[in-house]
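Below is one structure, written out as structure tokens; comments come after it.
The values are calculated or read from the model by the stated rules, or taken from the named source; none is laboratory data. Since the model is a prediction, treat every value here as computed from it, not as a measurement. Positions of Cβ are generated from backbone atoms using ideal geometry, with glycine treated the same way; all protein chains shown enter the neighbour counts. Heavy atoms of the whole protein, side chains included, go into the accessibility calculation; ligands, DNA and RNA do not. Shrake-Rupley method; radii C 1.70, N 1.55, O 1.52, S 1.80 Å.
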Amino acid sequence: MATDATTRRRPRLLVVVAHPDDETFGCGSVLLYAAAAGAVTGVVCATRGEEGSPAPGVDVPAEGLGALRERELHDAAALLGVSEVVLLGYRDSGMDGAAPPGSLVAAPPDDVVGAVRKAVTAFDADVVVTLDASDGHRDHARMREATVAAVEGLPVRVYLHCLPRSLMRRWLAHHAGGDAAASYEQFPDLGTPDELLTTVLDTSEHLPRREEAIAAHRSQTSPFEGLPDDLRQAFLGRDHLIRAVPAWDGGAQEQSLFAEEISLRERS
Ligand SMILES: [Zn+2]
């Protein structure tokens with residue numbers, strides 16, 4: 001048999017993000033899901049997150065927050081079963097204001113596309129996941145644009161990791177003390193419209209390890225901090241994605257990232 005487990009190539013999934021913690025706060029369960037499915041996984045991180053806000057009580061070392069966050073990235077990646085972590089060496093742009101020299105948004109867009117393409121090719125990725133940037137962070141948006149552009153002509157599928165609008169409305173309602181209507185009138189565009197989601201993964205079995213990886217980012221306050229259990233489960237036990245490449249042409253939502261890809265390879 002040419003397609004038994006010993007000859008089948010393991011799929012390779014690469015998460016491409018802007019800052020240390022994006023791989024865990026965003027895609028931690030996808031990385032665990034992929035590793036459990038037999039995939040080899042990697043993380044490409046554009047910056048060291050120098051512009052992040054240290055959590056209360058965190059002592060920033062003399063070498064700076066970026067050095068601390070880089071260590072946290074490696075710690076979290078080890079917990080998530082990641083084989084390879086690559087930093088692209090840009091500087092964190094921060095949320096707004098003038099982009100610092102050397103920062104991700106100050107770099108020529110083609111340079112960022114080239115750096116991502118090089119990393120995707122070197123890793124020999126089959127599937128690439130990045131954030132959809134519906135949170136409005138300019139570095140997240142830059143990495144989404146660069147990632148989609150970087151795979152042109154490559155046999156690679158790209159997924160955007162999303163926070164569905166329905167879930168963000170529950171999150172807003174929680175923070176507004178239960179007044180859901182008032183909260184989402186104020187932020188009507190928060191999250192990704194649910195009808196755009198193409199792929200939903202049940203990753204609930206990976207929640208305990210995901211929590212360990214979240215805790216490894218000690219210098220940062222996680223966006224899930226202080227949520228009641230049901231909301232925490234809703235955010236961390238299920239992953240919602242949009243397949244951006246190849247473009248989705250309708251049909252039933254996918255519930256896996258690999259089955260079809262493996263069968264395509266078997267046929268080729
Ligand atoms: Zn980020």
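Alpha-carbon geometry of segment 1-96: the Rg and the Dmax are 15.9, 59 Å, given in that order. Summing charges over neighbours of PRO56, with a neighbour being any other residue whose Cβ is under 14 Å away from its Cβ, gives -1 when K and R count +1 and D and E count -1.
Shape analysis of segment 169-255 based on the Cα gyration tensor places the equivalent ellipsoid semi-axes at 24, 21, 12 Å, largest first. In the neighborhood of LEU241, defined by Cβ-to-Cβ distances under 10 Å, what is the net charge if each Lys or Arg adds +1 and each Asp or Glu adds -1? Summing Lys/Arg as +1 and Asp/Glu as -1 gives -2. Would any residue of segment 76-93 have its amide N under 18 Å from a label point 7 Å out along Cα→Cβ of ALA36? List them or say none. Zone members listed by number: 77-83. Treating r as the C-beta distance of ARG10 and ALA55 and R0 as 45 Å, the FRET efficiency rounds to 0.80. Relative contact order of the chain: 22 percent, from C-alpha pairs under 8 Å at least 6 residues apart in sequence. Available extension along the chain between MET95 and PHE187 is 31.3 nm, counting 0.36 nm per residue and deducting the alpha carbon span. In the chain, the portion of solvent-accessible area held by carbon and sulfur atoms comes to 52 percent [1.4 Å probe, whole percent, DNA, RNA and ligands not counted].
Using only side-chain charges placed at the Cβ, +1 for Lys and Arg and -1 for Asp and Glu, the dipole size of segment 12-82 relative to its Cα centre rounds to 320 debye. The gain in end-to-end length when the THR121 to ALA215 segment is fully stretched comes to 30.7 nm, 0.36 nm per residue minus the alpha carbon separation. Computing FRET efficiency as 1/(1 + (r/R0)^6) for ARG71 and GLU225, where r is the C-beta to C-beta distance and R0 is 30 Å, gives about 0.90. For ALA46, nonlocal amide neighbours, meaning residues 5 or more places apart or on other chains whose placed amide H falls under 5 Å from its own, are VAL17, ALA18, HIS19, LEU88. Within the chain, antiparallel bridges make up roughly 30 percent of the DSSP beta bridges whose residues both belong there.
Couplings for segment 49-60, taken from phi via the Karplus curve 6.51 cos²θ - 1.76 cosθ + 1.60 with θ = phi - 60°, read x, 4, 8, x, 9, x, 5, x, x, 7, 8, 7 Hz in order; Gly and Pro are left as x.
Take the convex hull of the alpha carbons in segment 110-189; its mean projected area over all directions comes to 6.1 nm². A cut-off under 12 angstrom between Cβ atoms defines the neighbours of PRO193, and their net charge, with Lys, Arg +1 and Asp, Glu -1, is -2. Based on DSSP H segments of at least four residues, each scored -39500 (n - 2.57), the chain has a per-residue ellipticity at 222 nm of -11000 deg cm²/dmol. Normalised by 2.2 N^0.38 Å, where N counts its residues, the alpha-carbon radius of gyration of segment 54-165 equals 1.15. Rolling a 1.4 Å probe over the protein heavy atoms gives the chain an accessible area of 46 Å² per residue.
The amide H of VAL105, built 1.01 Å from its N in the peptide plane, has SER93 as neighbours under 5 Å, considering only residues 5 or more places off or on other chains.
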